[in-house]
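Down below is the structure, laid out as structure tokens.
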Amino acid sequence: MKTQGYTLIEKALAELTRRIDNLEKRMDEQHQLAPGWFDTEEVCRRFGITKRTVDKFRKLKKVPSSKLGGRVYFRGSDFETILEENLDFKP
């Protein structure tokens, strides 16, 4: 049998979980990227390159990037161009 205190804690936890879920949903909606923008991991997947190569391109200013919420984003079209121009690039 659940005590009254246990039931109150259970209800409070359920409410807290609901609020966190709502906040995460709102944050996701607010931080959706424009089409064609990708984070480092997505650039690696789409273009078949390593994170190290992406970082090297960024540090050498071979591809523009933007930082949002502590993450770095790139336009896919910029990466397509830079990769075509640097087929012999060695990171």
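Could you run through region 52-86 and say how many residues are under 11 Å from residue 37 (Cβ atoms), without any contact (Cβ under 8 Å) to a residue 40 or more places away in the chain and out of contact with any helix residue (DSSP H, G or I) (no Cβ under 9 Å at 6 or more places or on another chain)?
So the answer is 4.
Of the numbered conditions (1) outside the structural domain of residue 83 (by TED's automatic domain parsing); (2) over 15 Å from the mean Cα position of the chain (by Cα), residue 62 satisfies every one except a single condition; which is it?
Single failed check for residue 62: (1).
How do the pairs read when you match residues in region 1-29 that are assigned by TED's automatic domain parsing to the domain that holds residue 69 with residues anywhere that are modelled with pLDDT of 85 or more, using Cβ under 8 Å and keeping only pairs 6 or more apart or on different chains?
Once the first residue is assigned by TED's automatic domain parsing to the domain that holds residue 69 and sits in region 1-29, no partner that is modelled with pLDDT of 85 or more comes close enough.
Collect the residues in region 55-87 that are loosely packed, with under 15 Cβ neighbours inside 10 Å and hydroxyl-bearing (Ser, Thr, Tyr), keeping them in residue-number order.
66, 77, 81 - these are the residues of region 55-87 that are loosely packed, with under 15 Cβ neighbours inside 10 Å and hydroxyl-bearing (Ser, Thr, Tyr).
Would you list the strands (runs of 3 or more DSSP E) that sit entirely within region 32-75 and hold 1 or more residues that are among the basic types (Lys, Arg)?
Working: elements: 37-39, 66-68, 71-75.
Answer list for region 32-75: 66-68, 71-75.
The values are calculated or read from the model by the stated rules, or taken from the named source; none is laboratory data. These numbers were taken from a predicted model, which means no experiment stands behind them. Don't worry about glycine lacking a Cβ; one is built from the backbone with ideal geometry, like all the others, and counts go over all protein chains shown.
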